[in-house]
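See structure below.
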Amino acid sequence: MKFSLFTLLRLVFVVCAYFLFVSCSKDADLLSDYVVTDTDDISQTYALLVNDTYFSDMNTSVVLDVLSNDNLTNLENVTIVETSTPTFGSVVINEDNTLTYTPPIPVANESETVTVVNESETVTVETETATTETETVTTETETATTETETITTEEEVVDTFVYITEETSEEGEVTTAEATVTVTMSNIESKYPTTGPNVFYVSTSGVSTNNGKTESTAWDISHSFKTAKAGDIIHIKAGNYGNKNLIVGNSGTSDNPIRFIGYTNSPSDLVSDKGSTFAYGESLSANKMPLLRSTDKGKGTAIINFKKYIKIENLQITEYGTAVSTNSDAHYLSLTNIIGTNLGNQNTNDYDGKGFIIKGENSSIKNSFILNANAEAIMLRNANNSTISYTKVYGDNPTNPTDYYFLITETNNAIIENSHAERAEGLSHGGHGFDIKEVGEYNTIRNCTVIGTSLEVNFAGVKNNLFENIEMYGYGTNPGNYATVIAIISGANHNTFRNIYMSKIYKAINAMDQKDGVSSPFDEVSCGYDNTFENMIINDCDRFIEASVHSSAGGDHATAKAERFTFKNITLYNVKQLYTAYSDMVDFEFQNIGIHTHLHSTFHNGPGQMVRPIYRNSAYYNSNATMPSGWSATDNPMFKSLPTPGQGGPEDFKLLDDSPWLNLGISLDFF
């Protein structure tokens, strides 16, 4: 048979096409198999960024280290430059390339019902206290069927957003990439399983040889902490468990944490929400939740945890040396509704007694309560990205009062929010309310209340932290009530204090140097520098600012100065002295400051100097002092409602629309 050239070429083409088809089909099948087995819609095998999934409580902000699982070789060359807007919550980019996600604020007992009937859509929003509002929107495309959807705050909420990065190569080329973050939130953790292969029970009469599957065959509590494994849920019945030293034996995992949950009569009948189920003034009760009570008063540790992904909920701990202690391996610890009281020797003035000592990263304390932990109520050390929320610390023991209420040290990107530090009046020392000490950056303390104690930043390693939306209350304006103060100590720098209300205090801000007793390379000869104070109301105080060197410092520290402090949008009401300078204040800037009722005849006091101050748009009304250049005398600033000086009463420091201070740029709409 003869083949023409054309026929031969056709045959060659067909053969080549066949082999090419077979080869490509196999590659396509392999790729198809790979994509199908990947959990993402788009294969990310060679993508720079990997999609992230997080789980969070509805009431707690969470720091997301989204770059930790990405395929990036040189993280120092990568910057998160942008995020999309989440569907429900909000997100901000942190300086260290993490993200802080803040959930939406849930409204308790709210439901939204959407009903479609007879070609109209009726939207009804119902709350427990509000009246029903109904909006009817007529549409022409709806059918006559009825559909109802109910959404409550106790349901799980899934939020998503996208983040975008830029990576700069050594040659200066910039590449961008993006990935999706999914955050799943639940309002309150309730209704855990009561049966199943991973569910066990503990009671005061339980023994380790039982199978732990029911209350009648319960484990003892020590055995449960020792043997529980990843995914186990341990229900602990109320009762007095006596003097136990519980040691967690195993780690959980991110998907399967180990949970130890106290209950009263039946599992999940004890739920805390936006605060502990225990309140100041109440007595501990073994009938309400499990109780650990030391018989060796002021000594021993109730719970020791060196493991990861452990959740402990609804326990009472009293009369130990320490309630909960961890080490640097104990990441992702969660403490919820844990009550600790009378920790340390209550009858001698010793530095002992500790509440929660947290040293693992990404840990969480919420809805908890501490009373009279003599040395440290709550400490975060090396606990990066940890959170504390809806937690209260009280000190009222006159013999050995609490020293540190909330202490952050050697920790970055922690958040304390919606929490409370309260020191009783007349105790032997002022303590430290919310304190960031020695080393700590990009921490946030917000929406908190301080009574009778302080906000503090101490040492030069404490910088770039934010305190905002804080209310502080003292016990009077005489020198003995010095404790309620914002203290800037030993070189703390570049910290911001925003939206602060202070009332009945001796001094608002104390910039100082001292000999702390801690040997630290961050102990600078300085009263602090480059700190910012904005949006503050100071109501009834002796002096706004004081700069000083403590008598314990000595040596070179005697020359310490406070430098480059900035004050914006500050209102001072019933203040005796603007500042007292025992040490020099250098390059302070005051912008949009308003003084109502300045009682002393001098603007400042003390041997120190105010060096090169700058005053912009600042005003005073009813001042007995001769004011320096840069200040303007005005008529009554016209607040909405003023308290009686020294007595208090209803107050609203917002300015009326025709206030003369508004023309100077002063605004108090932040409260």
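The values are calculated or read from the model by the stated rules, or taken from the named source; none is laboratory data. Please read these numbers as outputs of a predicted model, since none were measured by experiment. Using ideal geometry, Cβ is built from the backbone for each residue, glycine included, and neighbour counts are taken over all protein chains shown. Each accessible area value is taken on the protein alone, full model and side chains, heavy atoms only, with ligands, DNA and RNA left out. Shrake-Rupley method; radii C 1.70, N 1.55, O 1.52, S 1.80 Å.
Rounded to the nearest 0.05, the FRET efficiency derived from the C-beta distance between T87 and S519 at R0 = 56 Å is 0.65. Here the convex hull built on the C-alpha positions of the stretch 408-549 has a volume of 90 cubic angstrom per residue.
Projecting the Cα atoms of T322, Y309, G262 onto the dipole axis of the stretch 255-335, where Lys and Arg carry +1 and Asp and Glu carry -1 at the beta carbon, places T322 farthest toward the positive end.
Within the accessible area of the stretch 492-615, the carbon and sulfur atoms contribute 44%, probe 1.4 Å, all protein chains present. Each label point was placed 7 Å from the Cα along the Cα-to-Cβ direction; for N198 and D635 their separation is 7.1 nm. Per-residue SASA remark: H331, around 40 Å² accessible (1.4 Å probe; ligands, DNA and RNA not included).
Two decimals, Cα atoms only, Kirkwood Rh: what is Rg/Rh over the stretch 394-468?
0.99
Report the extension gain between T79 and S283 in nm, rounded to one decimal, defined as 0.36 nm multiplied by the number of residues separating them, less their alpha carbon distance.
68.3 nm
In terms of its Cα atoms, the stretch 508-639 spans 52, 25, 24 Å along the principal axes, sorted from long to short. Taking one equal scatterer on every alpha-carbon of the stretch 484-533, how large is log10 of I(q)/I(0) by Debye at q = 0.18, 0.23 1/Å? With no solvent term, the Cα-only Debye profile gives -0.62, -0.88.
About its Cα centre, the dipole of the stretch 501-571 is roughly 240 debye, where the only charges are +1 on Lys and Arg Cβ and -1 on Asp and Glu Cβ. The charge dipole of the stretch 418-564, taken about its Cα centre with unit charges on the Cβ atoms of Lys, Arg (+1), Asp and Glu (-1) only, comes to about 180 debye. Each of the peptides 580-592, 442-454 was scored by the mean count of other Cβ atoms within 10 Å over its residues; in descending order, highest first, they stand as 442-454, 580-592.
Can you pull the Kirkwood radius for the stretch 487-573, inverse mean 1/r over Cα pairs, to one decimal in Å?
It works out to 13.5 Å.
Fully extending the segment from T295 to H550, taken as 0.36 nm per residue of separation minus the present Cα-Cα distance, adds 87.7 nm.
Overall, the ratio between the Cα radius of gyration of the stretch 406-445 and 2.2 N^0.38 Å, rounded to two decimals, is 1.33.
Does the stretch 326-386 come out rounded, prolate or oblate by the C-alpha gyration tensor, with a ≥ b ≥ c the root eigenvalues, rounded set by a/c under 1.5 and, if not, prolate when a/b is larger than b/c and oblate if not? In terms of gyration-tensor shape, oblate. Pairs over the 18 Å Cα-Cα cut-off, from the set K366/K437; K237/K311; K274/K654; K354/K392: K366/K437; K274/K654. Based on the alpha-carbon gyration tensor of the stretch 276-354 and its eigenvalue square roots a ≥ b ≥ c, which shape applies: rounded if a/c is under 1.5, prolate if not and a/b is larger than b/c, or oblate? Oblate, since a/c reaches 1.5 and b/c is not below a/b. Could you let me know the centre-to-centre spacing of the stretch 215-240 and the stretch 473-495, using Cα atoms, in angstrom? Centre-to-centre distance over Cα atoms comes out at 46 Å.
Placing unit charges on the Cβ atoms of the charged side chains and taking the dipole of the stretch 515-598 about its Cα centre, the candidate lying farthest along the positive direction among N569, C527, G594 is G594.
Around K392, what is the net charge, scoring Lys/Arg as +1 and Asp/Glu as -1 over all other residues with Cβ under 15 Å from its Cβ?
Around K392, the surrounding residues sum to -3.
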